[in-house]
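Below is one structure; the comments refer to it alone.
We did not get these values from a lab; they are worked out from the coordinates using the rules stated. As the structure is a computational prediction, the values presented were derived from the model and not from experiment. Cβ: placed from backbone, ideal geometry, glycine included. Neighbour counts: every protein chain shown.
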Amino acid sequence: MSAANEDQDRRASLFALGDRIVKKAISLGADVAEAVISEGSHLSAKVRLGQPELVEEAGSRSIGVRVMIQDGDQGYRVAVSYSSDTSEAGIQRLAEDAVELARLSEPDAFAGPPDPAFLSKESEHAELDLFDPKIDAIDGAAALRHATNGEAAALAADPRVTNSEGATFSRASGGKAIVTSGGFHGYSRGTYASLTVSPVVDDEGGKKRSGYHWTAKRHYAGLLPDEVVGKEAARRTLAKLGARKVETQECAIVFDPDAARSLLGLLAGSISGGAIWRKSSYLIDRLGTEVASSLITIVDDPLLPQGPGSRAFDGEGLLSRRNVIVENGKLLSYLLDTYSGKKLGLPSTASASRGGSGGVGPSTSNFVLQPGTTSAEEILASTPRGLYVTDMMGFGFNGVTGDFSRGASGFWIEDGKKTFPVSEVTISSNLDAMLKGIDRVGSDLDLRSSIASPTIRIAAMTLAGSG
């Protein structure tokens, strides 16, 4: 059987299962029923100092259901239930449990399915090239080879690299179908693979310095060669030798793409419709106002081919669309599903995500700070004095106030050059002030993860170190 025919059979099988679940829930008294069926496989292989430490492979298939029972003008009673039993008896129990839980729940005036007129059709779903059979076919031996090659390259890069926290190669492959009583049928499948190498070097005073580098893509051809990942991991680790504190001061902070991505993740949580209606975000009532520097445009785009967070339709069946969240510093939109949109009096932005349990909530897809035209090297060269941040530790962020404080390490910048490594310092400010204080945006965007940013520079933050 060809790969295309096999995929069509899998799709038809998942749809048939979803239809059975939905019909069963409706027959037991649900007014609305929605099923999600997920199946997939995961493989992870780790080596340390050339020896295999772990080869783990697992397959899974699960079904989740969300049901709603209308309670007059009080709204809907809603419940979700989850199972891995796809037998007829298992489906019966799943539907019975979900309906019984819904009857016991309180009605919610804002609950309800999306308007059927907004549901997408299969013919409208974009082909986003998210599945690569070469990744799907990787076995344990191949995964071990990738991890071994990456670590060996790190150890061979320099005689000072004598230890390692290991190297890990992982791949995942899976498919998902969503079927609703509103008439929606949607199917997607995808792959993803990554390699991470983490060398360790000895520093003065018996200290250990660890670093890492990684590559990740949906398609095998997009991964960096194992040797390149290993050598870069070694270079980054060796660069940390001799790290020290700097004096407490206010200075410019340059965030490399990985560190900047962490900041962008905080913003993603703050513009979620759930955070807004729960009043747990500092961005309440900020639509149309300045929330960042005029250099900043942030887009949530689920339609990027091979994107790590791409999807042709959202978790409720609405057709995916590109949402501009921040444009030239101004907040234009929150990310909303049907429920959070109703709570806020706004339409859904087709940003619903449905978990394996059947629950629904708004989420990002490919949440990307758009790159500028300045290279990372030019940003560094234009910084007279400051800290170049490569790593952050801890979680010091208050979503309600926007206050930010985290441990950081990286390199001290003097006269536009990295002069020595820095560790054991804390950087702090407020996320609102930080985003507004961005005065440089790099061109070095690399979409390895679904939240991504190029290098950015914030004009001034408080750095707490020694003295």
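Give me the lysines in straight-line cross-link reach of Lys134: C-alpha distance below 16 Å, same-chain residues under 8 apart excluded.
Lys217
Order of Arg261, Arg20 from fewest to most other C-beta atoms within 10 Å?
Least to most surrounded, the residues fall as Arg20, Arg261.
Please list the non-local residues whose amide H lies under 5 Å from the amide H of Ile451, H modeled 1.01 Å from N, same-chain partners needing a gap of 5 or more.
Here the answer is Phe367, since their amide H atoms fall under 5 Å of that of Ile451.
For the chain, what relative contact order do you get, as a whole percent, if you take Cα pairs closer than 8 Å and at least 6 residues apart?
After rounding, I find 15 percent.
Could you derive backbone 3J(HN,Hα) for the stretch 276-282 from the dihedral phi with the Karplus parameters 6.51, -1.76 and 1.60 (θ = phi - 60°), listing whole Hz in sequence and x where the residue is Gly or Pro?
5, 6, 7, 6, 10, 9, 6
Using 15 Å as the cut-off for backbone N distance, which residues of the stretch 331-367 belong to the label zone defined by a point 7 Å from the Cα of Lys279 along Cα→Cβ?
Inside the label zone: 344.
How big is the dipole moment of the stretch 3-230 about its Cα centre under a simple scheme where the beta carbon of each Lys and Arg is +1, that of each Asp and Glu is -1, and everything else is neutral? Debye, nearest 20, please.
320
What shape does the stretch 243-467 have by the C-alpha gyration tensor, where a ≥ b ≥ c are the square roots of the eigenvalues, rounded means a/c under 1.5, and otherwise prolate means a/b greater than b/c and oblate the rest?
Judged from the Cα gyration tensor, the stretch 243-467 comes out prolate (a/c at least 1.5, a/b above b/c).
Short version: ³J(HN,Hα) in whole Hz for each residue of the stretch 177-182, in order, from phi by Karplus 6.51 cos²θ - 1.76 cosθ + 1.60 (θ = phi - 60°), x for Gly and Pro, what are they?
10, 10, 10, 10, 5, x
For the stretch 243-467, please report how many Lys pairs fall under 24 Å Cα to Cα, leaving out neighbours fewer than 8 apart on the same chain.
Close lysine pairs under the 24 Å cut-off: 9.
Report the Stokes-Einstein translational diffusion coefficient (µm² s⁻¹, integer) for the stretch 229-273, Rh taken as the Kirkwood radius over Cα pairs, at 20 °C with viscosity 1.002 mPa s.
156
Tabulate in residue order the Karplus-calculated ³J(HN,Hα) for the stretch 59-71, using 6.51 cos²θ - 1.76 cosθ + 1.60 with θ = phi - 60°, rounded to whole Hz; enter x for Gly and Pro.
So the Karplus estimates, Gly and Pro as x, are x, 8, 8, 9, 10, x, 9, 10, 10, 9, 10, 6, 10 Hz.
Is the C-alpha gyration tensor of the stretch 202-263 telling us rounded, prolate or oblate? Criteria: a/c under 1.5 is rounded; beyond that, a/b larger than b/c is prolate, otherwise oblate.
The shape class here is oblate.
List the residues whose amide H sits under 5 Å from the amide H of Thr383, counting only those 5 or more places along or on another chain, with H placed 1.01 Å from N in the peptide plane.
So Thr383 has HN proximity to Gly416.
How large is the charge dipole for the chain, taken about the Cα centre, if only the Cβ atoms of Lys, Arg (+1) and Asp, Glu (-1) carry charge, to the nearest 20 debye?
Around 500 debye, computed over the chain.
Please state the charge dipole magnitude for the stretch 145-291, taken about the Cα centre, from unit charges on C-beta atoms (+1 on K and R, -1 on D and E), reported in debye and rounded to the nearest 20.
Taking the Cα centre of the stretch 145-291 as origin, the dipole is about 500 debye.
Quick query: amide H of Arg244 versus all other amide H atoms, modeled in the peptide plane; which residues come in under 5 Å with a sequence gap of 5 or more or a different chain?
Under 5 Å from the amide H of Arg244 lie the amide H atoms of Val422, Ser423, each far enough along the sequence or on another chain.
By a straight-distance test (C-alpha under 15 Å), which aspartates and glutamates pair with Lys121 as possible cross-link partners, with residues fewer than eight away in the same chain excluded?
Asp314, Glu316
Please state the relative contact order of the stretch 203-261 as a whole percent: Cα pairs under 8 Å, 6+ residues apart?
For the stretch 203-261, the relative contact order is 36 percent.
For the pair Arg10 and Asp73, what calculated FRET efficiency results from E = 1/(1 + (r/R0)^6), where r is the Cβ-Cβ distance and R0 = 51 Å, to the nearest 0.05?
0.75
Straight-line reach only, C-alpha to C-alpha below 20 angstrom: list the aspartates and glutamates that Lys46 could link to, leaving out same-chain residues fewer than 8 apart.
Answer for Lys46, where 20 Å is the Cα cut-off: Glu56, Glu57, Asp136, Asp139, Glu151, Glu165, Asp226, Glu227, Glu232, listed by chain and number.
I'm spelling it out carefully: the read-out is Rg and Dmax of the Cα atoms in Å, the candidates are (i) 24.4, 74; (ii) 21.1, 68; (iii) 25.9, 92, and one was derived from this structure. Which label?
(i)
Expressed as a rounded percentage, what relative contact order does the stretch 3-230 have, with Cα pairs under 8 Å and six or more residues apart?
Across the stretch 3-230, relative contact order equals 22 percent.
In a shell of Cβ-Cβ distance under 12 Å around Glu96, excluding Glu96 itself, what net charge do Lys and Arg (+1) and Asp and Glu (-1) give?
Counting the neighbours of Glu96, the net charge comes to +1.
Which order results if Glu414, Glu204, Glu39 are arranged by neighbouring Cβ count within 10 Å, fewest first?
Glu204, Glu414, Glu39
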